[in-house]
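Nothing in this text is a laboratory measurement; each read-out follows from the coordinates by a stated rule. No experiment lies behind these values; they were computed from the predicted model shown. Glycine also receives a Cβ, built like all others from the backbone with ideal geometry; neighbour counts cover every protein chain displayed.
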Amino acid sequence: MINPVLRREAKTSLRNWKIFYAVAAYVLIITAIAGISIWQLMYNSYNPSFDPSEMLTVYIILTVVQLGLVLLVTPSFTASSISGERERQTLDLLLVTKMKPMSIIVGKFLSGLSVIALMVFATMPIFALIMYFGGTNMLYIIAVTVYMLLVCCAFGAIAIFFSTVFRKTVISMVFTYIIMGVLVGVTLIVYAIACQAYGSYYQMALPASVRILMLAINPAIGLISIVCSQTGNSFMNDILDYSNYWGSAYNPITTSVPMWIINAVALVIITVVFILLAASRIKRTSKKG
């Protein structure tokens with residue numbers, strides 16, 4: 001049976017024109033960026049021409065933009081899951097039903113994720129156009145799409161958790177964006193400082209296990225790993241082997257498993273942990289009531 005919360009949210013959201021406008025705007029942005037990128041590639045030289053091999057550049061640009069948009073829109077659809085019920089004074093009515101706290105959280109989680117997934121899947125024809133010119137293949141398009149959905153799941157779960165902590169949706173969104181900035185940006189800064197500091201003090205490279213653990217929680221690293229795996233670029237290896245002055249030429253730091261798989265596992269763990277934490281808080285709230 002379909003989760004009652006998910007069924008209700010799906011019916012109300014699909015009847016709302018705001019969802020249509022949001023999906024249309026999302027696809028329009030991706031389409032506009034793809035068109036501008038192709039136009040720049042065609043008219044960037046003295047003799048305007050079209051080189052299909054350069055579509056790989058368009059593919060990379062679109063994947064980066066898509067990740068950025070996913071990070072921006074996910075909290076807006078999930079941070080109001082519980083705090084919005086509080087603001088509408090309907091949370092008590094939801095808690096007195098026969099639904100378990102986990103069922104409520106999962107229903108809210110899936111309802112918010114479904115809209116974001118619709119946005120991501122709606123852009124697949126644009127990526128298919130790039131695949132037609134040889135910029136990528138279906139396997140990597142599927143890998144990128146699945147990875148984007150995992151990113152949505154992770155930050156959606158974080159947003160729902162903060163939605164159970166704070167009574168205001170705005171505060172929940174702010175804290176979600178703060179955590180997002182920490183995982184995407186601050187972790188890379190800490191990683192670079194740790195690699196250099198460890199190397200300067202101990203005159204040896206930071207251990208591979210510590211490097212992988214620090215990079216595993218950064219969703220941008222997974223995307224870089226997928227793109228590098230496809231293009232054969234060594235940028236991901238350079239990041240993993242950063243500040244390895246004592247062994248980079250003879251014993252570079254590598255992983256037997258691609259980093260994007262490690263990042264995907266980390267995203268699944270983050271999702272499960274914050275969903276459980278959110279359900280726990282809802283359970284405590286229902287007991288207090």
*Of the listed peptides 69-81, 146-158, what is their order by residue-averaged count of other C-beta atoms within 10 Å, with the highest listed first?*
146-158, 69-81
*asked:* Need one word for segment 94-236: rounded, prolate or oblate. Basis is the Cα gyration tensor (sqrt eigenvalues a ≥ b ≥ c); a/c below 1.5 gives rounded, then a/b vs b/c decides.
replied: oblate
*Sequence neighbours fewer than 8 away in the same chain don't count; with that in mind, list the aspartates and glutamates whose C-alpha is under 18 Å from LYS283.*
GLU85, ASP92
*Estimated 222 nm signal from helices in the chain, with DSSP H stretches of n ≥ 4 weighted -39500 (n - 2.57), rounded to 500*: -24500 deg cm²/dmol
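Scanning the chain for helices, which whole DSSP H stretches are 24 Å or more long along the axis (Cα) and average -1.0 or more by Kyte-Doolittle?
Details: long enough: 17-42 (37 Å, 1.65); 55-78 (34 Å, 1.96); 101-122 (32 Å, 1.90); 138-165 (41 Å, 2.34); 259-288 (43 Å, 1.30).
The qualifying helices are 17-42, 55-78, 101-122, 138-165, 259-288.
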*Rough spin-label spacing in nm, given labels placed 7 Å along Cα→Cβ, for ALA122 and TYR43*: 2.8
_When 1/r is averaged over all different Cα pairs and the result inverted, which Kirkwood radius in Å belongs to the chain?_
20.9
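Given the Cα-Cα distance of LEU129 and ALA194 and 0.36 nm per residue of separation, how much length would full extension add, in nm?
Working: separation 65, 0.36 × 65 = 23.40 nm, distance 4.18 nm.
Between LEU129 and ALA194, full extension yields an extra 19.2 nm.
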